[in-house]
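Here the structure is laid out as structure tokens; the discussion comes afterwards.
The values are calculated or read from the model by the stated rules, or taken from the named source; none is laboratory data. All figures in this text were calculated on a predicted structure; none of them were measured in a lab. For neighbour counting, all protein chains shown are included, and Cβ atoms are generated from backbone atoms with ideal geometry for every residue, glycine included.
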Amino acid sequence: MNEQLLTASPGDVLATPGPWREFWDYFSANRGALIGAGFILLVLLAALFANLLTPHSPFEQYRDAILTPPAWQEGGVWRYPLGTDEVGRDILTRLIFGGRMSLFIGMMVVCLALLLGTLIGLAAGYARGITDTLIMRAMDIIMALPSLLLALAIVTILGPGLINAAIAIAITYLPHYVRITRASVIAESSRDYVTASRVSGAGVLRLVFITILPNCMAPLIVQASLGFSNAILDAAALGFIGLGAQPPSPEWGSMLSNALEFIQRAWWVVTFPGLMILLTVLAFNLMGDGLRDALDPKMKL
């Protein structure tokens, strides 16, 4: 082994993969994670370019084509590839625009919960003492309540709507980010590099946000990717009961709610929105597993 090290050429040393290359090697080794990331990218691109991809408006009603079946079924036409709903709106168009709304609410929930949870967790983990105790007891109270019921209560207070639903769901996710950040800060605070930075005269803000926080991001990124799928599910649940996106907004949960009474005679109005929720949530979970394997040092041993 020593002889190999002594005889190693400079090119071999320079060929050592960097952190991004190492991350990609571990992530790409997980085929499920690649499939999930590819599906998410496809949904994202379709949502961004929905106006170019869809020949119809998500709100336009074709009264001569109410509950038209998919194109491959008897009575279907290729003008509406996945059929139409109970008022004659093109389902494919509404699914594509619904992806825009579902991804938006997922991103809003994750960003709010990640930002607030990280700040609160940093305060709890660095300050410790009474501050830590008060913050963690408040998080325990939030976690003791069923998340969907808590979100329902908050939306009832704020009023139904997409933004209020996102705020309510973000509040229910706060404890997860606070706990992860607090545990990471406590673990990193005892490291030598933090002690050296403190001795060199670094202020509290520099110590917390520049020295400690970057080394706490890996578990937060994994939690955010997994939380994205839960946010989409909870938003669809709130939309299903009428407290999320309001009609005629093309949101997958509200599409399921509006089509429920037609499930026996028009299977497509329920199947396709439910399938999009299932596949998108599955894709985020697969990608989250891949990120965990790539970012967690313990998984690389």
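Numbers at a glance
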item	result
Single unsatisfied condition, T195 versus (1) modelled with pLDDT under 85; (2) more than 21 Å from D132 (Cβ to Cβ); (3) part of a helix (DSSP H, G or I)	(2)
Lone qualifier among I120, I91 - being under 30 Å from T211 (Cβ atoms) and at pLDDT 90 or above	I120
Boolean, A123 is without any contact (Cβ under 8 Å) to a residue 24 or more places away in the chain, over 25 Å from G242 (Cα atoms) and surrounded by 18 or more Cβ atoms within 10 Å (Cβ to Cβ)	yes
Selection within the stretch 115-155 - among the polar types (S, T, N, Q) and in contact with a Leu (Cβ under 7 Å, 6 or more places away or on another chain)	T118
Residue under evaluation T84, criteria (1) in contact with a Ser or Thr (Cβ under 7 Å, 6 or more places away or on another chain); (2) hydroxyl-bearing (S, T, Y); (3) closer than 27 Å to E188 by Cβ, criterion not met	(3)
Search result, residues across the stretch 20-55 that are touching a Ser or Thr at 6+ places or on another chain (Cβ under 7 Å) and either buried (at least 17 other Cβ atoms within 10 Å of the Cβ) or of a type in the set (K, R) (or both)	V43, T54
Residues within the stretch 249-278 that are surrounded by 15 or more Cβ atoms within 10 Å (Cβ to Cβ) and within 22 Å of the chain's Cα centre (by Cα), tallied	13
Sole exception among (1) surrounded by 15 or more Cβ atoms within 10 Å (Cβ to Cβ); (2) farther than 19 Å from G36 by Cβ; (3) aromatic (F, W, Y) for F209, by number	(1)
Residue pairs meeting the criteria (Cβ under 7 Å; at least 6 apart or on separate chains; first at negative phi, in the stretch 126-139; second among the hydrophobic types (A, V, I, L, M, F, W, C) and surrounded by fewer than 17 Cβ atoms within 10 Å (Cβ to Cβ))	none
Residues of the stretch 43-101 that turn out to be more than 15 Å from W252 (Cα to Cα), aromatic (F, W, Y) and under 27 Å from the mean Cα position of the chain (by Cα), as a count	1
In the stretch 52-86, the residues that are farther than 17 Å from G99 by Cβ and aliphatic (A, V, I, L, M)	A65, I66, L67, A71, V77
Any hit, the stretch 92-99, residues being basic (K, R), closer than 17 Å to V269 by Cα and surrounded by fewer than 23 Cβ atoms within 10 Å (Cβ to Cβ)	no
